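The structure appears right after this line, and notes come after that.
The values are calculated or read from the model by the stated rules, or taken from the named source; none is laboratory data. This structure is a prediction, so every number in the text was calculated from the model and none was measured. Don't worry about glycine lacking a Cβ; one is built from the backbone with ideal geometry, like all the others, and counts go over all protein chains shown. Keep in mind that these areas ignore ligands, DNA and RNA; they rest on the heavy atoms of the full protein, side chains included. Shrake-Rupley method; radii C 1.70, N 1.55, O 1.52, S 1.80 Å.
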Amino acid sequence: MKNEIKGGYICVQSWMVTELGLKGNDLLVYAIIYGFCQDGVNHFTGSRQYLANWINSSIRGVQKNLNSLIEKGLLKKEEKNSAKGKKCEYYPVNLPWEAGAEAGVLENSVKEPEDGEQSSLGVGNKVPGGGEQSSLGVVNRVPGGGEQSSLG
């Protein structure tokens, strides 16, 4: 793989599979783009080559994935002119928790989770045994009052 992705990771959220029904390269492309946009402010401005490197595909294959996600109403594409030419930005739309209670999907995913609940955002969730699960791993209390992280 190219240097531009060395040391990185992709986070596939459970709702991307269960609520959006994504799989394969559509899932991976969506997860990458979502990772850049999850703050609700930023858009993915990387190249199709960047995505192709991540999913071990071709630019043509990535374009098919992007078109599929746009057709499904899961991504929005904005074209902007810059000094270097046309630039495309992508960002997720119609996120399950934005649909509201009527759709009945992930309506509680953005509230603070209660003990034993797991948020689709994977941040600071209480898990059985008094530990806390985050997107970085599980931190559990260990004998002697210390903490043990799954990251080492």
Hey, could you check region 80-104 for residues that are of a type in the set (Asp, Glu) and at pLDDT below 90 and say which is nearest to Val29 (Cα to Cα)?
Glu98
Ile55 vs. criteria touching a residue at least 24 places away in the same chain (Cβ under 8 Å) and surrounded by 13 or more Cβ atoms within 10 Å (Cβ to Cβ)
yes
Cβ contacts < 7 Å: first residue without any contact (Cβ under 8 Å) to a residue 60 or more places away in the chain, restricted to region 68-85; second residue open to solvent by 80 Å² or more (accessible area, probe 1.4 Å) and not in a strand (DSSP E or B), any location; separation 6+ or different chain. Result?
Gly73/Asn94; Leu74/Asn94
Of everything in region 12-40 that's among the polar types (S, T, N, Q) and over 8 Å from the mean Cα position of the chain (by Cα), which residue is most open to solvent (accessible area, probe 1.4 Å)?
Thr18
